[in-house]
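This report refers to the structure that appears directly beneath it.
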Amino acid sequence: MNIWVVMLIGGLLTFGTRLSFIFLLDRIKVPVWFRRGLRFVPVAVLSAIILPELTSPNNTLFISWRNPQLLAGLVAILVAWKTRNVLLTILAGMAALVLFQLVLGL
């Protein structure tokens, strides 16, 4: 099968599932407690994606001061907390990762 057909079908399926939730949430009265809980979904999903990358760089748990990913992640967390600027957080995290890799000799 042509790769473009697969990509088009995948895009349509993704769009359809997201549109269905938007369409349904507009028509169904959702309880207030459920809407409050939805606010925590992005934080939970991002944590589930990022935390293993910071603590297990080679698929083995590595929580140490010699882990440059973990140190750069901590720097990025501090910058995000202080500035609330996404671009500055990304740049600070990338710069910290390069710096810690050079300092630790990795």
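The values are calculated or read from the model by the stated rules, or taken from the named source; none is laboratory data. Small disclaimer: the values here were computed from a predicted structure and weren't measured. Heads up, the Cβs are rebuilt from the backbone with ideal geometry, glycines too, and the neighbour counts pull from every protein chain shown. Just the protein is used for accessible areas: all its heavy atoms, side chains included, with ligands, DNA and RNA removed. Shrake-Rupley method; radii C 1.70, N 1.55, O 1.52, S 1.80 Å.
Things worth noting here:
- Of the options (i) 1.00; (ii) 1.13; (iii) 1.04, only one is Rg/Rh (Cα atoms, Kirkwood Rh) as computed from these coordinates, and that is (ii).
- Gap separating the Cα centres of region 1-26 and region 33-80, nearest whole Å: 28
- Helical runs (DSSP H, four residues minimum) scored at -39500 (n - 2.57) apiece and divided by the length of the chain put the mean residue ellipticity at 222 nm at -26000 deg cm²/dmol.
- Rough spin-label spacing in nm, given labels placed 7 Å along Cα→Cβ, for LEU74 and VAL103: 1.0
- Relative to the longest principal axis of the Cα atoms of the chain, the long axis of helix 3-27 makes an angle of roughly 70 degrees.
- Accessible area (Å², per residue) of the chain, counting only protein heavy atoms and a probe of 1.4 Å: 85
- Taking the longest Cα principal axis of the chain as reference, the axis of helix 41-55 is set at about 30 degrees.
- Take each peptide in 16-23, 72-79, 51-58, count the other Cβ atoms within 10 Å of every residue, and average; sorted highest first, the result is 72-79, 51-58, 16-23.
- Between 0 and 90°, nearest 10: helix 86-104 axis offset from the chain longest Cα axis: 40
- Accessible surface of region 1-66, 1.4 Å probe, proportion on carbon and sulfur as whole %: 73
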